[in-house]
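What follows is a short report on a single structure.
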Amino acid sequence: MISLSTECLLFKLLNGESVPLSAGMISVELGGGDPVPCDPDFVQHAAGAVFEYFKHELAREAVTVAEFAGALEKVLMGLGLQGGEGSSGLEQRSFPGADLCGMAAQAGKGFELVFFQHLRQALREQLHQSPDQLRFCGLRDCVKYLTGARRWCPRCQSLRDQIVDFLRSCLSAEAGGVNCCLLLE
């Protein structure tokens, strides 16, 4: 018997077969006649997160395609995509959000010091509106702008991690018991 790779899950198909797939091998196609207005990378990252949930959080070795699709749909709905009534696919809901690239550009010569002040203020403004979701857009481009990098590099990864950690710590300090989701795109 061949053992399953530690990076794979068995996907049970309707015909009874099981196919081993890693997170990178999963391809997501959203159904419907109209094109879905969302970033394919966004959907791919969500599928990867669902894969990790089944593999590591639930410690599952096998999952049905229907279970996986249902969990992915739930995640996408929670992240601002929803199936509209009478619609044939998912439609993107608009949530107010903060433009990280704009904040980076506003920081001017103060760069990261001023940027983090703007970031905290944007988080406070969104919390003041009592949303279910705090949204920050343009993280990757913002990081590349602040580091002056043309391509993603270890310095970019480090700054990205700092921004995520900063937002998480600000949220826990500022939330005051409010339960909300932090979304970084």
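The values are calculated or read from the model by the stated rules, or taken from the named source; none is laboratory data. Note that the coordinates shown come from a computational prediction; the quantities given were computed from them, not determined experimentally. Here Cβ is always computed from backbone atoms with ideal geometry, including for glycine, and neighbour counts include all displayed protein chains.
Does region 139-185 hold any residues that are β-branched (Val, Ile, Thr) and part of a loop (DSSP other than H, G, I, E, B), and which are they?
Val178
Taking the conditions exactly as written (in a helix (DSSP H, G or I), farther than 16 Å from Ala105 by Cα, among the basic types (Lys, Arg) and within 15 Å of the chain's Cα centre (by Cα)), does Arg124 satisfy them or not?
So Arg124 fails the test.
Inspect all residues belonging to region 6-17 and state whether any of them is surrounded by 13 or more Cβ atoms within 10 Å (Cβ to Cβ), at pLDDT 80 or above, of a type in the set (Asp, Glu) and under 17 Å from the mean Cα position of the chain (by Cα).
There is no residue in region 6-17 that is surrounded by 13 or more Cβ atoms within 10 Å (Cβ to Cβ), at pLDDT 80 or above, of a type in the set (Asp, Glu) and under 17 Å from the mean Cα position of the chain (by Cα).
Between Leu72, Leu119, which is in a helix (DSSP H, G or I), at pLDDT 75 or above, in the same structural domain as Arg135 (by TED's automatic domain parsing) and out of contact with any His (no Cβ under 9 Å at 6 or more places or on another chain)? Give the steps one after another, and end with the answer.
Numbers: Leu72 fails: in the same structural domain as Arg135 (by TED's automatic domain parsing).
After ruling out the rest, the residue left standing is Leu119.
Taking region 164-180, which residues are surrounded by 14 or more Cβ atoms within 10 Å (Cβ to Cβ) and either within 15 Å of the chain's Cα centre (by Cα) or small (Gly, Ala, Ser) (or both)?
Val164, Leu167, Ala175, Cys180
Which number in (1) part of a loop (DSSP other than H, G, I, E, B); (2) of a type outside the set (Val, Ile, Thr); (3) more than 23 Å from Leu183 (Cα to Cα); (4) modelled with pLDDT under 85 marks the one condition that Glu29 misses?
(3)
Out of all the residues in region 55-64, is one or more of a type outside the set (D, E, K, R), at pLDDT below 80 and farther than 26 Å from Cys137 by Cα? So that I can check it myself, show each step before the final result.
Narrowing region 55-64 to residues of a type outside the set (D, E, K, R): 56, 58-59, 62-64.
With the extra rule that they be at pLDDT below 80, the set shrinks to none.
No, there is no match, as no residue in region 55-64 is of a type outside the set (D, E, K, R), at pLDDT below 80 and farther than 26 Å from Cys137 by Cα.
Being polar (S, T, N, Q) and assigned to a strand (DSSP E or B) is the filter here, so list the residues in region 5-25 that pass it.
Ser18, Ser22
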